[in-house]
1. Please count how many residues of region 54-88 are of a type in the set (Asp, Glu) and either surrounded by 24 or more Cβ atoms within 10 Å (Cβ to Cβ) or within 18 Å of Thr336 (Cβ to Cβ) (or both).
2. Since Leu383 meets every condition but one in (1) under 30 Å from Ile153 (Cβ atoms); (2) among the aliphatic types (A, V, I, L, M); (3) assigned to a helix (DSSP H, G or I), which condition does it not meet?
3. Taking region 200-222 as the region of interest, how many residues are in contact with a Pro (Cβ under 9 Å, 6 or more places away or on another chain) and over 19 Å from Asp285 (Cβ atoms)?
4. Can you tell me which of (1) in the same structural domain as Ala160 (by TED's automatic domain parsing); (2) surrounded by 15 or more Cβ atoms within 10 Å (Cβ to Cβ); (3) not β-branched (Val, Ile, Thr) is the one Gly330 doesn't meet?
5. Is at least one residue of region 326-338 more than 14 Å from the chain's Cα centre (by Cα) and at positive phi?
6. Of all residues in region 293-327, which are surrounded by 16 or more Cβ atoms within 10 Å (Cβ to Cβ) and part of a helix (DSSP H, G or I)?
7. Tell me, please, whether a residue that is among the hydroxyl-bearing types (Ser, Thr, Tyr) and in a helix (DSSP H, G or I) can be found in region 222-238.
8. Out of everything in region 165-179 that is among the charged types (D, E, K, R) and outside any strand (DSSP E or B), what residue ends up being nearest to the chain's Cα centre (by Cα)?
Amino acid sequence: MNVKLRSAAFSAVACFVLGGLLAGCGSGGGSSTGDTGGTSGTSSTSGGSLQPGDQTPDPNKIKIGLVASINGDLKPWGMDSQNGALLAVDEINKAGGIGGKEVQLLIEDSNSTPEQGKTAAERLISKGCVAVVGEVASGITAQIALAAQEKKIPVVAVGATKTELPGIGEHVFRVCYTDDLQGPVMATFAYEELGLRNVAIVTDNKQPYSTYLSKTFRDSFEKQGGKIVDEQFYESKQTQFGPLLTNLKAKNPDGLFLSGYFTEVGPIVRQAAEAGLNAKFLGGDGWDSAEILTSGGDAILGGFFCNHYNNQEDRPEVKTFLEKWQAAFGGVPGTTMGALGYDAVGVALDALKRASDVNSAESVLAAISETEGFAGVSGVITLKGSGGNPDKRALVVKLAKEGQVYEKAYEVSEVKR
């Protein structure tokens, strides 16, 4: 998405006691940041037996870089990204490395800001990294991509979902779905699975992520035969939504699509229930935070939103990943970024195995661009011929007292756009 994770109130303590990534998300940070998603379970964003190693560049090792929000508003997602990356590198080194050489993961902190993200990428490039992984936020990732552009260092984004991101250059890739999939996924789910026909949209007019997501939901829902009965607007950091809800209640919608972030969505839903507005609540991965269960209260329970990954999925890749995570860190990933971070580094490592020269960024870039059918934890990833955007599956999760509950997976071919 364009923007996510805007609330400093979302701290590591709030990091997903959920049952259902994120991000991401895109979802809290500044409006200049970007995207995350979410998952379930007890967060394990600190501690554990697996920790970052020596950060002094080793000339005898293959070096890849990670830019992550180790501090700042996006820290929960950044720490999970780091842990996923550590797990992937540890796994390949235990298997003998690549061509007998160990891989060194060099990590730099973006501090959840685009400016520091660019500086972090520049430092990693100066240290000889042949690929840079990161970030969760699209705004930060764009700056990483610009820093890597001149030397054509490949960049593999973790959770940055802004659709136009690879337009920066042919060296930019991602392992997550894009924003133009989320709206249609939720429109298809609303129309086909919930049987909704008259839906109202609630949009954060200050957030490009929210306005774009509302548009793609509207377009898809109307194409399927549904009716958008109203669209109401608010602005980020607004806390009272009485007039907006009064207008919506008069339209009597059977569903509400709230395309903004958890920071406002929770209070909106709570106040909607208090106003007697009876509708199904739907949203995108900007909902992906444990905070929404607190701010939304019982009213948010039974709401649905789009996400990248879920610990409850009954797939062998997920089960194996969770076993490895438990052994390395204890518990399960607190956010989707654990799985996406693991996948992003996995794509880079897979490319290194196929590269003609592991010390050449150009060679690694060529290998990444040929990635086809990579079996990631978050789904199969194909970058060949994709313009940097994999045709990723997306999940719908349901909010319950225990957190996010897996509801349904959508392959791209199943989504009505």
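1. Of all residues in region 54-88, those of a type in the set (Asp, Glu) come to 54, 58, 73, 80.
Still in the running and either surrounded by 24 or more Cβ atoms within 10 Å (Cβ to Cβ) or within 18 Å of Thr336 (Cβ to Cβ) (or both): 73, 80.
So the count comes out to 2.
2. (3)
3. So the count comes out to 1.
4. Here Gly330 clears every test but (2).
5. First, pick out the residues of region 326-338 that are more than 14 Å from the chain's Cα centre (by Cα): 326-332.
Now restrict to residues that are at positive phi: 330-331.
Yes: region 326-338 contains one or more residues that are more than 14 Å from the chain's Cα centre (by Cα) and at positive phi.
6. Just the residues of region 293-327 that are surrounded by 16 or more Cβ atoms within 10 Å (Cβ to Cβ), to begin with: 293, 295-296, 299-300, 303-313, 317-318, 321-322, 324-325.
Passing the criteria: Leu293, Ser295, Gly296, Ala299, Ile300, Glu317, Val318, Phe321, Leu322, Lys324, Trp325.
7. Just the residues of region 222-238 that are among the hydroxyl-bearing types (Ser, Thr, Tyr), to begin with: 234, 236.
With in a helix (DSSP H, G or I) added as a condition, the list becomes none.
No; the residues of region 222-238 include none that is among the hydroxyl-bearing types (Ser, Thr, Tyr) and in a helix (DSSP H, G or I).
8. So the first thing to find is which residues in region 165-179 are among the charged types (D, E, K, R), and the list is 170, 174, 179.
Still in the running and outside any strand (DSSP E or B): 170, 179.
Details: Glu170: 21, Asp179: 10 Å.
Looking at the filtered set, the residue picked out is Asp179.
The values are calculated or read from the model by the stated rules, or taken from the named source; none is laboratory data. Small disclaimer: the values here were computed from a predicted structure and weren't measured. Neighbour counts are summed over all protein chains in view; Cβ atoms, including those assigned to glycine, are modelled from backbone coordinates with ideal geometry.
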